[in-house]
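The values are calculated or read from the model by the stated rules, or taken from the named source; none is laboratory data. Quantities reported herein were computed from a predicted structural model and do not represent experimental measurements. All Cβ positions, even for glycine, are placed from backbone atoms using ideal geometry, and neighbour counts span all protein chains on display. Heavy atoms of the whole protein, side chains included, go into the accessibility calculation; ligands, DNA and RNA do not. Shrake-Rupley method; radii C 1.70, N 1.55, O 1.52, S 1.80 Å.
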Amino acid sequence: MKSAVETLSPTRAKLTVEVPFEELKPSLDAAYQKIAKQINVPGFRRGKVPPQVIDRQVGRGVVLDEAVNDVLPKAYVEALQENNLTPLAQPDIEVTKFEDNDGLEFTAEVDVKPEFELPAYDGIEASVEDLEVSDEDVAEQVEALRERFGTLIDVERAAQDGDFVVIDLVATNDGEVVEGAEISGFSYKVGNGGMIDGLDEALTGMGVDEEKTFTTQLVSGDLVGQDVEVAVKVTQVQEQELPELDDEFAQEASEFDTLDELRADVRERLTRGKRLEQAAAARDAVLEALLEKVEIPLPDSMVTEELNARRGNLEQQLAMAGMTLEKYLEDEKQTQEEFEADLERRVRDAVAAQFLLDDIADKEEMGVDQGELTQHMIRRAQQSGQDPQEFVNHMFEHNHVPELVQEIRRGKALQLLVEGATVKDAAGNVVELKDLQADSTIGEPAEETAEAAEETEAPAEA
């Protein structure tokens with residue numbers, strides 16, 4: 001077999017492959033055997049029909065087509081290997097020549113992994129924001145806990161911002177009740193927002209047994225963007241009475257004896273959360289710093305596919321939240337053009353990062369053992385809310401395991417980058433990242449300390 005490659009672009013190649021007729025003979029023999037088992041010819045047992053009889057009965061062309069369908073994928077893969085090409089998608093194959101007793105010639109155009117020079121990735125420098133937990137952050141969390149232990153008291157006055165009201169509500173369109181837009185006895189906090197545009201304004205100032213009608217637009221369902229009439233009636237107005245912030249509250253709301261101890265615990269929890277956020281930001285900053293050192297050509301088809309996937313995921317999430325893309329962009333104070341530009345930038349960075357991390361994993365000869373694969377699949381199943389065994393079965397049945405292996409290798413490559421980098425916060429302090437795991441979570445330093453202690457004690461005992 002002969003093959004030649006033509007570079008159409010940095011990310012697309014055209015293979016021209018010639019297969020001599022002699023190399024088609026095993027596939028021809030297999031085709032005759034397959035067809036012999038499928039046809040009935042008087043005087044011959046099924047599967048024992050001679051080739052010359054098959055040629056007369058079904059035609060030599062049918063046999064040749066069957067042989068080509070068998071040999072073409074094998075020849076294509078062999079040509080890829082000979083020319084050191086890594087395909088990124090299904091090829092566009094065209095048979096350019098095929099004659100009986102004269103061999104096969106075909107071309108295959110395919111997106112391929114781009115070639116680029118891997119930059120030095122040791123000692124990357126990056127910066128992140130300071131890890132800061134303010135008194136306001138602590139107070140906000142304590143206040144949220146305080147509200148959970150508050151009590152509701154009926155009041156004989158009009159509803160104010162922050163009050164809880166019990167309401168009956170119905171939305172109609174042209175006099176017909178909108179499906180799913182009729183509720184009764186519903187408790188709602190005035191000023192909470194996020195339910196129906198105009199509801200908070202309507203409720204403010206309403207007393208018990210008062211009714212009001214206003215016009216709004218629905219953000220989900222079949223009538224998205226259409227005007228509907230909403231009638232709301234208040235049946236109860238309640239004021240929230242909060243407990244005093246003192247040691248007694250701390251004892252009731254937590255395992256601590258004093259309010260100071262509770263606040264200290266809240267600060268510690270917030271600090272751990274901020275540390276995770278800072279570590280994630282550091283990981284992204286290190287990868288971004290490395291991406292700035294290299295130009296990686298990106299296949300348009302791969303970028304387009306990822307763009308469509310991310311748009312679809314966002315639209316699905318918004319639909320589940322009862323929100324339109326227009327409302328989302330309005331809340332984010334972003335135009336459609338700004339959203340699309342930002343999305344494409346992030347997608348291009350993500351695709352480039354995949355190529356970069358793959359090359360690092362190859363250079364470092366990173367492998368994946370069965371234990372790592374199992375843990376990764378269990379973690380993925382938990383993240384998606386699926387049964388782990390069902391998730392594993394699906395991955396094997398649909399041949400997604402190689403993709404999972406590549407995810408693990410990329411995680412290891414990213415971990416290597418981060419561990420070898422120097423990351424400082426805005427104040428110039430070095431951010432400790434030695435506990436960053438391959439899956440981008442933070443390990444517990446205590447576990448490493450315990451392991452180190454055991455290793456220290458063992459020689460002493462010996």
Based on what the data block shows, is F149 at negative phi, modelled with pLDDT of 90 or more and either in contact with a Lys or Arg (Cβ under 7 Å, 6 or more places away or on another chain) or surrounded by fewer than 14 Cβ atoms within 10 Å (Cβ to Cβ) (or both)? yes
Under 8 Å between Cβ atoms, which residue pairs at least 6 apart in sequence (or on different chains) link something in the range 257-284 that is over 17 Å from A427 (Cβ atoms) and free of Cβ contacts under 8 Å to residues at least 12 places away in the same chain with a partner that is part of a helix (DSSP H, G or I) and among the β-branched types (V, I, T)? none
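Just for the range 369-380: of the residues that are more than 29 Å from A352 (Cβ to Cβ) and open to solvent by less than 70 Å² (accessible area, probe 1.4 Å), which one is farthest from the chain's Cα centre (by Cα)?
G371
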Could you check the range 1-87 for helices (runs of 4 or more DSSP H) lying wholly inside it with 1 or more residues that are modelled with pLDDT of 90 or more, out of contact with any strand residue (DSSP E or B) (no Cβ under 9 Å at 6 or more places or on another chain) and surrounded by fewer than 19 Cβ atoms within 10 Å (Cβ to Cβ)? 60-82
Please go through the range 192-204 and give me each residue that is modelled with pLDDT of 90 or more and open to solvent by 40 Å² or more (accessible area, probe 1.4 Å), ordered by number. E201, T204
Those residues that are in contact with a Leu (Cβ under 6 Å, 6 or more places away or on another chain) and among the polar types (S, T, N, Q), I need them from the range 262-312; list them, please. Q278
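Among the listed residues L85, L80, L64, identify the single one that is closer than 30 Å to D300 by Cα and out of contact with any Ser or Thr (no Cβ under 9 Å at 6 or more places or on another chain).
Unique residue meeting the criteria: L85.
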I'd like to check something: does the range 330-350 contain any residue that is open to solvent by less than 90 Å² (accessible area, probe 1.4 Å), in contact (Cβ under 8 Å) with a residue 60 or more places away in the chain and within 30 Å of G411 (Cα to Cα)? yes
Residue selected from the range 114-131 under the condition open to solvent by 70 Å² or more (accessible area, probe 1.4 Å) and within 22 Å of S9 (Cα to Cα), by the criterion modelled with the lowest pLDDT: E115
Might you check whether a residue that is open to solvent by 50 Å² or more (accessible area, probe 1.4 Å), among the hydroxyl-bearing types (S, T, Y) and more than 23 Å from A159 (Cβ to Cβ) occurs anywhere in the range 234-242? no
Residue list for the range 251-302, restricted to those being aliphatic (A, V, I, L, M) and either assigned to a loop (DSSP other than H, G, I, E, B) or open to solvent by 80 Å² or more (accessible area, probe 1.4 Å) (or both): L276, V294, I296, L298
When the residues of the range 89-112 are filtered to those that are in a loop (DSSP other than H, G, I, E, B) and touching a strand residue (DSSP E or B) at 6+ places or on another chain (Cβ under 8 Å), which remaining residue is nearest to E22 (Cα to Cα)? P91
Go through the range 154-178 and report how many residues are surrounded by 11 or more Cβ atoms within 10 Å (Cβ to Cβ) and under 41 Å from the mean Cα position of the chain (by Cα). 15
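In the range 381-432, which residues are part of a loop (DSSP other than H, G, I, E, B) and either free of Cβ contacts under 8 Å to residues at least 40 places away in the same chain or surrounded by fewer than 17 Cβ atoms within 10 Å (Cβ to Cβ) (or both)?
Those that are part of a loop (DSSP other than H, G, I, E, B) and either free of Cβ contacts under 8 Å to residues at least 40 places away in the same chain or surrounded by fewer than 17 Cβ atoms within 10 Å (Cβ to Cβ) (or both): G385, Q386, D387, H398, N399, H400, G420, A426, A427, G428, N429, E432.
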Please state which one of D111, D92, D135 is charged (D, E, K, R), in contact (Cβ under 8 Å) with a residue 12 or more places away in the chain and open to solvent by 40 Å² or more (accessible area, probe 1.4 Å). D92
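Just to check your reading of the model, which residue among E140, E99 is loosely packed, with under 15 Cβ neighbours inside 10 Å and over 30 Å from V62 (Cβ atoms)? Break it down into steps so the answer makes sense when it comes.
Numbers: E99 fails: over 30 Å from V62 (Cβ atoms).
Criteria check complete, one pass: E140.
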